[in-house]
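What follows is a single structure, written as structure tokens, with notes after it.
The values are calculated or read from the model by the stated rules, or taken from the named source; none is laboratory data. Computed from a predicted model, the values in this text were never measured in an experiment. Using ideal geometry, Cβ is built from the backbone for each residue, glycine included, and neighbour counts are taken over all protein chains shown. The area values use the complete protein model at the heavy-atom level, side chains included, leaving out ligands, DNA and RNA. Shrake-Rupley method; radii C 1.70, N 1.55, O 1.52, S 1.80 Å.
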Amino acid sequence: MADTTFTNATQILEPFKGVKKVTIEEYFTSGHRTCQGCESALVMKLMVKAAGPRTIVLGSTGCMYVANTTYYTTPWVVPWMHTQLGSSGSAALGTAAGLKALMKKGKMKSEPINVIAFCGDGGGADMGLGAISATLTHREYNSLILLYDNESYANTDIQLSGSTPYGANTTFSPPGSVKRIIHTRWKKNTAGMLAAGHPECRYVATVDASYAVEMMNKVRKALTISGPTFIHSLDPCPKGWDYDPMLSHELGELAVETGIFPLYEVEDGVVRHYGKTKAIVEGRPRKPVREYLLKQGRFAHFTEEDLEYFQAKVDEMWDKWEIPGVIPFWKERPGK
Ligand SMILES: Cc1ncc(C[n+]2csc(CCOP(=O)(O)OP(=O)(O)O)c2C)c(N)n1
Ligand code: SF4
Ligand SMILES: [Mg+2]
């Protein structure tokens with residue numbers, strides 16, 4: 001018999017007002033086998049801590065699947081399901097639709113349950129982009145897709161993805177004596193693209209786990225707002241980026257302070273820069289990109305010319321883009 005009390009409500013998750021107010025319960029604990037200093041593992045932990053116990057997590061193939069679900073061990077305390085590499089969008093939509101149908105038919109208690117599907121940059125920004133786009137067109141289903149971006153197909157040994165930065169050394173783009181820069185494409189602007197093109201999606205944000213409370217609060221907002229939502233997280237990866245694991249936190253900060261990875265949210269069409277990115281928009285100087293790049297072995301082959309090119313491209317995001325760091329267009333101004 002149909003449950004007439006069905007509401008399709010989301011959970012109301014208030015923002016944490018400072019680190020001391022963050023809940024102590026963990027839903028991603030010991031039992032994983034990620035590398036020392038793996039920021040993506042921290043993202044999983046913070047994501048599900050913010051979401052709380054009434055949450056289903058779905059994850060596409062990649063490090064956060066393979067290293068987190070070795071046979072007979074898992075760090076996940078909440079229900080978790082693996083999905084195919086390009087399917088995080090389909091998994092989110094299907095699970096949200098399934099829960100809705102069961103609750104509507106009275107086969108399950110009607111209560112808000114968070115549905116989060118995560119994907120890597122290979123699975124989300126490249127292979128599964130179509131499925132994510134489809135999910136973001138369905139306002140009637142509540143779900144969050146979180147893209148953890150370690151800037152390579154890391155699990156299969158650091159192949160280049162559409163999210164890999166210009167010039168980086170990957171197993172598909174090793175610098176050689178004849179040609180120094182093999183990867184000559186600029187990184188995809190995934191969050192900006194999804195925010196600009198999906199009018200049914202009420203919330204898109206970028207996050208960085210070096211700013212953990214802010215990151216958790218964006219997850220909470222995404223899960224509360226209703227409909228499909230999208231979060232893009234930049235995750236330093238000691239193995240793929242080739243640096244000492246103790247630098248993960250610092251590199252996360254430098255990505256923001258240099259302006260390479262801007263922090264912003266787009267809520268019902270309104271763009272808000274936040275954190276240190278907001279300070280940059282308001283006039284605080286950006287740190288030179290070399291401070292970030294030269295701490296990583298994947299850029300060790302860069303010459304002064306390469307550093308200048310990278311800096312000029314980042315400067316363009318800030319000095320020319322109509323919405324700095326968000327939308328890669330600028331208006332034609334005669335004479336300029
Ligand atoms: C359809 C398909 N093609 C290729 C693979 C092999 N594969 C498994 S994990 C992976 C890398 C995924 O990269 P990403 O999504 O960025 O996650 P990461 O490994 O970086 O965490 C690949 C190519 C697969 N599982 N399925
Ligand atoms: S390769 Fe990178 S993303 Fe994968 S487990 Fe290691 S640090 Fe984490
Ligand atoms: Mg990846």
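FRET efficiency for the pair S177 and S226, taken as 1/(1 + (r/R0)^6) with r the Cβ-Cβ distance and R0 = 41 Å, rounds to 0.15. In terms of its C-alpha gyration tensor, the range 1-40 has an oblate overall shape, because the principal axis ratio a/c (a ≥ b ≥ c, square roots of the eigenvalues) is not below 1.5 and a/b does not outweigh b/c. Axis of helix 304-319 versus longest Cα principal axis of the chain: the two differ by about 50°, to the nearest ten degrees. Think of each Lys and Arg Cβ as +1 and each Asp and Glu Cβ as -1; about the Cα centre, that makes the dipole of the range 13-155 roughly 700 debye.
Most simply put, the chain has about 30% antiparallel DSSP beta bridges, counting only bridges with both residues inside it. Residues Y65, Y309, Y148, ordered by accessible area of protein heavy atoms at a 1.4 angstrom probe radius and largest first, appear as Y309, Y65, Y148.
Expressed as a fraction of 2.2 N^0.38 Å, the rule-of-thumb size for a compact globular protein of N residues, what is the C-alpha radius of gyration of the chain?
Normalised by 2.2 N^0.38 Å, the Cα Rg of the chain equals 0.99.
Candidates T156, L99, Y292 compared by Cα position along the dipole of the chain: farthest toward the positive end lies L99, with charges placed on Cβ. Shape class for the range 214-320, computed from the alpha carbon gyration tensor (a ≥ b ≥ c): oblate, with a/c not under 1.5 and a/b at or below b/c. A Cα-only calculation for the range 1-74 places Rg and Dmax at 15.8, 51 Å. D121 sits with roughly 0 Å² accessible to a 1.4 Å probe, with DNA, RNA and ligands left out of the calculation.
Tell me, rounded to the nearest percent, the portion of alpha carbon pairs in the range 230-274 spaced more than 12 Å apart. Everything past 12 Å amounts to 66 percent. Heavy-atom accessible area with a 1.4 Å probe sorts I56, I116, largest first, into I56, I116.
With 32 Å as the limit on Cα-Cα distance, the pairs of K17/K107; K21/K313; K45/K331; K20/K109; K109/K218 that go past it are K17/K107; K21/K313; K45/K331; K20/K109. To the nearest 10, the accessible area of R202 is 60 Å² with a 1.4 Å probe. Solvent-accessible area of the range 32-137 (1.4 angstrom probe, protein heavy atoms only): carbon and sulfur portion equals 61 percent.
Give me the 1.4 Å probe accessible area per residue for the chain, excluding ligands and nucleic acids, in Å².
45 Å²
Rounded to the nearest 10 degrees, the inclination of helix 39-51 to the longest alpha-carbon principal axis of the chain is 30 degrees. Once C-alpha pairs closer than 8 Å and six or more residues apart are averaged by separation and normalised to the residue number of the chain, the relative contact order reads 18 percent. These residues, M81, M64, go from largest to smallest accessible area, 1.4 Å probe, as M81, M64. Each Lys and Arg adds +1 at its Cβ and each Asp and Glu adds -1 at its Cβ; summed about the Cα centre, the chain shows a dipole of about 720 debye.
Leaving out ligands, DNA and RNA, what percent of the accessible area of the range 211-336 is carbon and sulfur, probe 1.4 Å?
Whole-percent figure for carbon plus sulfur exposure: 54.
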